[in-house]
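Heads up: the structure comes next, in structure tokens.
What follows is calculated from the coordinates using simple rules that are stated; it is not laboratory data. If you're wondering where the values come from, they're calculated on a predicted model, not measured in any experiment. No Cβ is skipped: glycine too gets one built from the backbone with ideal geometry, and neighbour counts run over all protein chains shown.
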Amino acid sequence: MPITLAALDEQEAVFARAFAAHDLEIARRLYDPAVVYLSPTVRLFDWPRRIEGVDRTLEFIGLTIGRCSAIAYRCVERALVQGADAAFVRIAFDWTTDARRLRSLYVVIYRYRAGRIAQQELYYDPSAPHEPPSD
């Protein structure tokens, strides 16, 4: 059965809780054990372009948020892909670092297998500066 908007909203709520708590184990159940994670952020940490497996995926995401505090993760738009077990979400990711509040906007494409995330692909402009939240 393909992903539904209700299931996608629940997934994004789980990610929001995990980031706010700085505890990515909260989100582990969302992932297929053989998940593939793709993000331009890997270049900043000298990681491979393709991260495979839930343990390595959570390890990498943990690395990317290590210096962030007061994280607020919010899905601001979402869409299901007709005829595919896939979804798009646009995220507003706010955090504090060095006493500055910042925001990153990015898009994630999720592909599912048996109700779990089988591939997570992030898209954003890695050369754009982070800006303060406007709302």
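General remarks:
- With Cα atoms, 0 to 90° folded angle of helix 54-64 axis to the chain main axis: 20
- Charge sum, other residues only, whose C-beta stays under 14 Å from Leu38's C-beta, Lys/Arg counted +1 and Asp/Glu -1: +3
- From most to least packed by mean Cβ count within 10 Å, the peptides 55-62, 20-27 give 55-62, 20-27.
- Pairs of Cα atoms nearer than 8 Å and 6+ residues apart set the relative contact order; for the chain it is 25 percent.
- Span from the region 1-67 Cα centroid across to the region 103-135 one, whole angstrom: 10
- The share of alpha-carbon pairs in region 5-135 lying farther apart than 18 Å comes to 54%.
- Computed from Cα atoms, the angle from the helix 5-21 axis to the main principal axis of the chain rounds to 40 degrees.
- Difference of contour (0.36 nm per residue) and Cα-Cα distance, Ala6 to Arg43: 10.0 nm
- Each Lys or Arg adds one and each Asp or Glu takes one away; over the other residues whose Cβ falls under 11 Å from the Cβ of Ala18, this sums to 0.
- Taken about its Cα centre, region 25-76 carries a charge dipole of about 200 debye when Lys and Arg each add +1 at the Cβ and Asp and Glu each add -1 at the Cβ.
- Label positions at Val36 and Asp23, each projected 7 Å from the Cα along the C-beta direction, are separated by 3.2 nm.
- Among Val42, Val76, Val107, the largest mean-square fluctuation in a Gaussian network model of the chain (Cα springs under 10 Å) belongs to Val76.
- Of all DSSP bridge pairs formed entirely within the chain, close to 90 percent run antiparallel.
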